[in-house]
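I have a structure I would like to understand better, so I am pasting it below and will then ask my questions one at a time.
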There are 2 protein chains.
Amino acid sequence: MLDEIREQPSVFTTALTENAEAARSIAGALRPGDFGYALIAARGTSDNAARYAKYLWASHNGLTVALAAPSLFTSYQSPPSLNGALVVGISQSGESPDLVAVLAEGRRQGRPTLAITNEVDSPLAAQADFVLNIRAGEENAVAATKTYSAQLLAVAMLSDFWQRGAISDELASAPSLMSDVLKTESLIADIAKDFADLRSCAVLGRGFNHSTAFEWALKLQEVTYALAHPYSTADFRHGPIAVVEPGFSLMAAAPDGPLFGDMLALLEDVSKQRHARTLAISNRGEALEAARYGIPLPAATPEWISPMPIIAAAQLFTYHLGTIKGLDTENPRGLSKVTKTT
Amino acid sequence: MLDEIREQPSVFTTALTENAEAARSIAGALRPGDFGYALIAARGTSDNAARYAKYLWASHNGLTVALAAPSLFTSYQSPPSLNGALVVGISQSGESPDLVAVLAEGRRQGRPTLAITNEVDSPLAAQADFVLNIRAGEENAVAATKTYSAQLLAVAMLSDFWQRGAISDELASAPSLMSDVLKTESLIADIAKDFADLRSCAVLGRGFNHSTAFEWALKLQEVTYALAHPYSTADFRHGPIAVVEPGFSLMAAAPDGPLFGDMLALLEDVSKQRHARTLAISNRGEALEAARYGIPLPAATPEWISPMPIIAAAQLFTYHLGTIKGLDTENPRGLSKVTKTT
């Protein structure tokens, strides 16, 4: 798992180069203005990449994203009308039958289908008119790391080609942002030691980093067996904030951007008023100070790219915490690399 | 809170009668076939009613539902194209500015807007072309109970009028199903005693009851301060199942239906192989036997209606557990009745 986390800058460099033509061509063939919305089918880690697409494609490309309810297509056999939809499947393995069923129904209704996957010979790819290979290379650890960030990158490359017909300078900086964050590993490993007793926590992120909250929480569940709940800061205020008591652990993806003030206010509230044990990943000094523990991001990280370096830091935190807890970080109990649900 | 839980059968009887004309008229004016999809904006409890609509409107009415990301409309000020969308807001109070912003943008883009709310004079209702009053009456407890089930009923009434131009016999039976479940209160209160030590748990439901998993977990968070996580059974297998260890508490909405076999298999796995402490609400004996604790539903409960009586049972469980824990069930810490997020 640690090797795969550390590989991410080179995976990014490779994908930005080798995937550029494929992403350009797919972006040209499937234009946001030709669709009412995109319907994305995904599970687990890939569903969190879909959450990133929900914000990015909407805000940069004007495309509304709906997350599919696969059981409608399988168990209930009552799929809705997909009139106007671009039907997208995101999956590392491309093997889960419920996701394949969503793309197959898209085809049956005559809608264009796109698979974003690490396995171009998978059943999911076979149902897709277009396939974007995330080119992450083989992933051996059960908990996905480099395949998640490579899915984010693929989603972002499509967005850039839709928006400007080229990769933006901001996205081109992603490999170096990933490298910079990985250099903070010893700080992160030190912080993890202070969470050795972690049994449960909330993980907060909003906007582009709603995805990060879900993926960070999932990694903590898989690798450290902590009961980690993801929330947007807004949803957290609508009820769950009641669970915060002194010593409660709270993780936050807190990059600079339009939502920063809201996140900072929440961090200050739970850290100072409610005495929670807080950890923030941020490129703003105020957040690093408001939280009890802080992991710095490169100052120039654009908010829309920030889910990539933030999850890399969160993966390192999770890996080291699992190791400190004496757990098998490579093969978590009860999980297999490919999960087939129907 | 207990009074409001017990009021639900009469709220249902009233709404089925007094809302019939309004629901019929709205269903006639806004036809699913005229839209590419429905975009629903909601927060907290109301977002869980939106999850119910996501499954019901898709499976019974062919209408794909996307859940809105309100921050795109507020903080980011970059709303996507709503071309083809029916724009819906669900909110008890109708006051949260982020939800109002979604409906306002719908109007700006010339899309039809619908508010489903308990407050017809609210800012949300003011932005809506059509308003469906859920007629739950004033709700005093901070944790929503009757307003949630009344939102489910409103969503179901629209679905019935779309599908058949009338209220189905199945939906007409909802008040008596609610009454029958409330009669099991003493059994539920007894079970709650055995969960007096509950600090954390997973809550499972899938399909129509994906909504129930989220709402039951939210009630447990708000009223008992337990760290309750909602999952679909499929998502649970894609990672989080790793957290289950002996004594782990797991709640399940397990009605008869196409997904029952999958839920039963999971209940048997976690109860017998992993020695979890399980509680199932079900109208199937196998589920009540597989789980350590069972709350029976009326045998004839149709699966698509089951989220209503199941959440009533879950509300009773939550209320009694909060009382047993010595907590203030009427005014949970850190919450207010109306939460305004931007």
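Looking at the structure I just gave you, is B:Phe35 over 19 Å from the mean Cα position of the chain (by Cα) and aromatic (Phe, Trp, Tyr)?
yes
Please pick out the residue among A:Ile134, A:Ile167 that is surrounded by 16 or more Cβ atoms within 10 Å (Cβ to Cβ), at pLDDT 95 or above, in the same structural domain as A:Arg31 (by TED's automatic domain parsing) and under 28 Å from A:Arg43 (Cβ atoms).
Just one listed residue meets the conditions, A:Ile134.
Could you identify the single residue in A:Leu124, A:Leu103, A:Leu153 that is within 15 Å of A:Ala20 (Cα to Cα) and assigned to a helix (DSSP H, G or I)?
Going through A:Leu124, A:Leu103, A:Leu153 in turn, the sole match is A:Leu153.
Condition check ((1) in contact with a Pro (Cβ under 9 Å, 6 or more places away or on another chain); (2) more than 20 Å from B:Phe130 (Cβ to Cβ); (3) in the same structural domain as B:Leu153 (by TED's automatic domain parsing)) across all residues:
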{"site": "B:Asp34", "(1), (2), (3)": "yes, no, yes"}
{"site": "B:Ala50", "(1), (2), (3)": "no, no, yes"}
{"site": "B:Leu63", "(1), (2), (3)": "yes, no, yes"}
{"site": "B:Leu67", "(1), (2), (3)": "no, no, yes"}
{"site": "B:Ser71", "(1), (2), (3)": "yes, yes, yes"}
{"site": "B:Gly89", "(1), (2), (3)": "no, no, yes"}
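So which of B:Ser81, B:Ser91 ends up being within 11 Å of chain A (Cβ to nearest Cβ), in contact (Cβ under 8 Å) with a residue 24 or more places away in the chain and crowded, with 20+ Cβ neighbours inside 10 Å?
Step by step, each of B:Ser81, B:Ser91 is checked, and only B:Ser91 is within 11 Å of chain A (Cβ to nearest Cβ), in contact (Cβ under 8 Å) with a residue 24 or more places away in the chain and crowded, with 20+ Cβ neighbours inside 10 Å.
Scan the stretch B:62-70 and give yes if some residue there is part of a helix (DSSP H, G or I) and either within 13 Å of another protein chain (Cβ to nearest Cβ) or surrounded by fewer than 24 Cβ atoms within 10 Å (Cβ to Cβ) (or both), otherwise no.
The answer is yes, given that some residue of the stretch B:62-70 is part of a helix (DSSP H, G or I) and either within 13 Å of another protein chain (Cβ to nearest Cβ) or surrounded by fewer than 24 Cβ atoms within 10 Å (Cβ to Cβ) (or both).
Continuing with this model, one more query. With the condition kept exactly as written, say whether any residue in the stretch A:120-128 is charged (D, E, K, R), under 27 Å from A:Ala15 (Cβ atoms) and within 14 Å of chain B (Cβ to nearest Cβ).
No, the stretch A:120-128 contains no residue that is charged (D, E, K, R), under 27 Å from A:Ala15 (Cβ atoms) and within 14 Å of chain B (Cβ to nearest Cβ).
If you don't mind, there's one more thing I want to ask. Please go through the stretch A:52-77 and pick out each residue that is more than 17 Å from B:Asp262 (Cα to Cα) and touching a Leu at 6+ places or on another chain (Cβ under 6 Å).
If the condition is that a residue be more than 17 Å from B:Asp262 (Cα to Cα) and touching a Leu at 6+ places or on another chain (Cβ under 6 Å), then A:Tyr52, A:Trp57, A:Ala58, A:Ser59, A:Ala66, A:Ala68 are the ones that fit.
Somewhere in the stretch A:42-49, is a residue more than 11 Å from chain B (Cβ to nearest Cβ) and either surrounded by fewer than 20 Cβ atoms within 10 Å (Cβ to Cβ) or within 16 Å of A:Phe161 (Cα to Cα) (or both)?
no
Please determine, by comparing only the residues of the stretch A:251-263 that are under 21 Å from the mean Cα position of the chain (by Cα) and either crowded, with 24+ Cβ neighbours inside 10 Å or of a type in the set (Gly, Ala, Ser) (or both), which one is nearest to the other protein chains (Cβ to nearest Cβ).
A:Leu259
So which residues in the stretch A:197-218 are within 9 Å of chain B (Cβ to nearest Cβ) and part of a strand (DSSP E or B)?
A:Ser200, A:Cys201, A:Ala202
Conditions first: (1) over 21 Å from the mean Cα position of the chain (by Cα); (2) surrounded by 20 or more Cβ atoms within 10 Å (Cβ to Cβ); (3) of a type outside the set (Gly, Ala, Ser). A:Gln109 passes all but one, so which condition is the exception?
The failed condition is (2).
Can you give me the number of residues within the stretch B:18-37 that are assigned to a helix (DSSP H, G or I) and within 14 Å of chain A (Cβ to nearest Cβ)?
3
Tell me, yes or no, whether the stretch B:84-98 has at least one residue that is at pLDDT 95 or above, β-branched (Val, Ile, Thr), more than 25 Å from B:Ala312 (Cα to Cα) and in a helix (DSSP H, G or I).
No, there is no match, as no residue in the stretch B:84-98 is at pLDDT 95 or above, β-branched (Val, Ile, Thr), more than 25 Å from B:Ala312 (Cα to Cα) and in a helix (DSSP H, G or I).
The values are calculated or read from the model by the stated rules, or taken from the named source; none is laboratory data. This is a predicted model, so every value here is computed, not measured. Every residue, glycine among them, receives a Cβ derived from its backbone with ideal geometry; neighbour counts consider all protein chains shown.
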